[in-house]
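Data first, discussion second: the structure below is written as structure tokens.
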Amino acid sequence: MSNRKKYWANKALRTIITAIGVTLIAFLILHLTPGDPARIMLGPYASEENIEAVRAKYNLDKPLHIQYLAWMSNLLKGDLGTSIRYNRSVNTLIKNRIGPTLILTLSGLVISVVLGVVMGILAALKRNSWLDYLTTVQAIFWISIPSFWLGILFLYIFGLKLRWVPIAGMVSFVSVILPALSLGLRQEAWFARPMRAEMLEVLNQEYIRAAKAKGLTYYVVVTKHALRNALIPIITMLALRLPWIIGGSVVVEVVFSWGGLGTLLVNSVKARDYPVVQAILLLISIAVVLANLFADVIYTWVDPRIRMEG
Amino acid sequence: MSEINTNVNEEINVENIKKELSQLKNKKTSQLSLVWRRFKSNKLALVGFIFVTMIIFVAIFAPVLTPYEPFATNPSNRLMAPSRAHWLGTDAMGRDVLTRLFYGARIALQIGVLIILFEGLIGILMGVISGFFGGIIDSIVMRLVDILRSFPVIILAMAIAGIMGQGLYNVVIALGIVGWTTYARMVRSKILSIKEADYIEAGYSIGESTFSIITRYIIPNAIPTAIVMISIMMPTALIASATLSFLGLGVQPPTPSWGSMVSAGRDYLLQAPWISTSAGFFIMFTVLGFNFIGDGLRDALDPTTKH
């Protein structure tokens, strides 16, 4: 087998192992509780018949591995189970809620990447200037502010005091601005600093000096040669930060009463509606696993110098 | 070093190698003082140090610093604006906000330290095992790390805390279950580079056991990495535990945790904005302090990263 093939075979195998592991964790989480899951899900006032029914429905009376296989076979058929709280299919619940979450997560992601990349580039080009210093300090500043508090500050200033934006829910296009900023600003730091370091590194390379020596203008050297190469590691950073952005969006959704998967998840955790909790955990983690694989594919595609090793 | 190299005629015996190893060890301590000097000259790190010291001071001396009780409710005093008697006002139950913030520092630091200890111990142990033994053990540990890191920390912690029930120790466990993976990865890669070092080979050549190699050479050399890790992980632990409290899945009221105070103040944002804003400010202040320290430490231990 060629190196390239071996690399991808190895990668694919790892991705599959990780995906299976993720399903195991989402499944086992229900069994972390010391008590009877059926009783805990239904609460202290449930009748014996109801408990028995739930136990039978989720195979809770059978051995663990049988439960897992039954759960998995339903998953593979595309059936995520039934919510105990809403008594509706989890598929429908998620389908209704996934849109707002995607809008919020993607807007937050765009804000963080664009701001981070621009600040990182400027800091590197104007190295040791006040702008460079500001980039470093603001990066530490944003990562020190919990997104739930930033969200509340925004709500207070722009919603309650200035009345520029609606204070909750998804009313219009402007509704997404504050949640997306609460989410994105905190993540921006994670792109600004690596971008700065990468840009400085690239600007020191031989080929940049060669391009300058060739008589190319500063603008062309920066945009055509330096920027293109410095942006490559940002792809990996994106995949690395994805779990944090999704995690952040859950919290931001709660602050802004955003009707997405995040609020559904928090309410389901509190109501001990485990089929919903398991399904959302699974969905998010599989998305992260795929994003990582995707980032690897793009990375090797844009940068042929990558060595093909396990 | 050069002294030893020039004495080629001298018989190379175990004593000599031991002497050389202890010399290397001495070099290490002088390196530490160099690191400390670099850290001290970093202004931001010094600011961070002051911030964190202030929070620790407030946490220890909370009962002396304030005349109020963190749990004493007073319905006639509810939602009072900041005044001379109540510097940061009172909350919906008439409790003094500043008092609760001071006592909240105890909770925050306690949880932070417990999380660091819990995840640090597991992570460093797993990292050492994985990096040192390699092979199938390494593969298993690293796949477990991949699997756990596919979940956003806060989401998995929410689910775990929700199932195990709220409370300080469950918060620590819920966050530590994912958190150890960061240490394991860093320590593993550090171990892999240490393993190649000459002094490890020297240790083996004088007949030291694997156990003694790990405890006497590998772990001490991985300690700087571990210190940087802790300074990076402390802010994460503080924000994550505050987030769980904010969502109502962490430390439960009436325990004065900063996260739940932000959440409680949210309902009175218009009448009493001081509750949420001041509680959040305390979180930011503390996290900022640790981040400044972490940044300074990183630069001090590895000056090559700063261009």
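The numbers here are math on the coordinates, done by the rules we state, and not lab data. In this text the structure is predicted, and so the values were computed from the model without any measurement. Note that we place each Cβ from the backbone using ideal geometry, even for glycine, and neighbour counts take in every protein chain shown.
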Revision key, fill the gap. Taking the alpha-carbon centre of each part, the distance from the stretch B:75-100 to the stretch B:193-257 in Å is 41 Å
Review point. What are the radius of gyration and Dmax of the protein assembly as shown, computed over its Cα atoms and given in Å?
Key: 26.7, 90
Review point. Of all trypsin sites (Lys or Arg not before Pro) in the stretch B:46-106, which ones are in loop regions per DSSP and have a Cβ with at most 12 other Cβ atoms within 10 Å?
Key: B:Arg84
Revision key, fill the gap. With -39,500 (n - 2.57) per DSSP H segment of 4 or more residues and division by the full residue count of the protein assembly as shown, the 222 nm estimate, nearest 500 deg cm²/dmol, is -24000 deg cm²/dmol
Check your understanding: For the stretch B:104-245, what is the largest minus smallest coordinate of the Cα atoms on each principal axis, given in angstrom and ordered from greatest to least?
Key -> 53, 32, 19
Check your understanding: Once you charge only the Cβ atoms, +1 for Lys and Arg and -1 for Asp and Glu, what is the size of the charge dipole of chain A about its Cα centre, to the nearest 20 debye?
Key -> 900 debye
Exercise for review: Rounded to the nearest 10 degrees, what's the angle between the helix A:274-302 long axis and the longest principal axis of chain A, both from Cα atoms, 0 to 90?
Suggested key: 30 degrees
Exercise for review: Extending each Cα 7 Å along its Cβ direction at A:Leu131 and A:Gln205, get the distance between those two points in nm, one decimal.
Suggested key: 2.2 nm
**Study point:** Length-normalised contact order for chain A - Cα pairs under 8 Å, 6+ apart - percent
**Key:** 27 percent
Revision key, fill the gap. Once the dipole of the protein assembly as shown is set up from charges on Cβ (+1 Lys and Arg, -1 Asp and Glu), the residue from the list A:Gln278, A:Trp8, A:Met195 lying farthest towards its positive end is A:Met195
Revision key, fill the gap. Here, trypsin sites (Lys or Arg not before Pro) of the stretch A:58-127 satisfying both criteria (DSSP loop; at most 11 other Cβ within 10 Å) are A:Lys77
Practice item. Of the listed pairs A:Lys11/A:Lys77; B:Lys43/B:Lys195; B:Lys43/B:Lys190; B:Lys19/B:Lys190; A:Lys126/B:Lys190; A:Lys212/B:Lys195, which have alpha-carbon separations greater than 31 Å here? Key: B:Lys43/B:Lys195; A:Lys126/B:Lys190; A:Lys212/B:Lys195
Check your understanding: Can you give the angle from 0 to 90° between the axis of helix A:90-125 and the longest principal axis of chain A, with both taken from C-alpha atoms, to the nearest 10?
Key -> 20 degrees
**Study point:** Qualifying aspartates and glutamates (Cα of each under 15 Å from Cα of A:Lys62; at least 8 residues distant if same chain)
**Key:** A:Asp36, A:Glu52
Exercise for review: Check the straight Cα-Cα distances from A:Lys214 and name the aspartates and glutamates below 16 Å, setting aside those fewer than 8 residues away within the same chain.
Suggested key: A:Glu206
Practice item. Using only Cα positions of the stretch A:161-247, each an equal point scatterer, no hydration layer, compute I(q)/I(0) via Debye at q = 0.11, 0.19 Å⁻¹ and quote the log10 values to two decimals. Key: -0.51, -0.87
Practice item. Kindly express, to the nearest 10 degrees and within the range 0 to 90, the angle between helix A:130-143's C-alpha long axis and the longest C-alpha principal axis of chain A. Key: 10 degrees
Study note, to complete from the structure: Computed about the Cα centre, the charge dipole of the stretch B:186-263 from +1 Lys/Arg and -1 Asp/Glu charges at the Cβ has a magnitude in debye, to the nearest 20, of 220 debye
Review point. Given R₀ = 30 Å, FRET efficiency for B:Ser209-A:Asn10 by Cβ-Cβ distance, to 0.05?
Key: 0.30
Check your understanding: Which whole DSSP H helices in chain B pass both tests: a Cα extent of 18 Å or more along the axis and a mean Kyte-Doolittle value no lower than 0.5?
Key -> B:43-60, B:97-133, B:135-149, B:168-195, B:219-246, B:274-301
Point to revise | 3J(HN,Hα) from dihedral phi, the stretch A:156-163, Karplus parametrisation 6.51/-1.76/1.60, rounded to Hz, x for glycine, proline | key: 5, 6, 8, x, 7, 7, 8, 6
Check your understanding: Taking amide H positions as placed 1.01 Å from N in the peptide plane, with prolines and chain starts having none, which residues 5 or more places from B:Gly167, or on another chain, fall under 5 Å of its amide H?
Key -> B:Val251, B:Gln252
Check your understanding: Using modelled backbone amide H atoms (1.01 Å from N, in-plane), which distant-in-sequence or interchain residues come within less than 5 Å of B:Met93's amide H?
Key -> B:Leu79
Exercise for review: Starting from the Cα gyration tensor of chain A, take the square roots of the eigenvalues, sort them a ≥ b ≥ c, and report rounded, prolate or oblate (rounded when a/c is under 1.5, otherwise prolate if a/b is larger than b/c, else oblate).
Suggested key: oblate
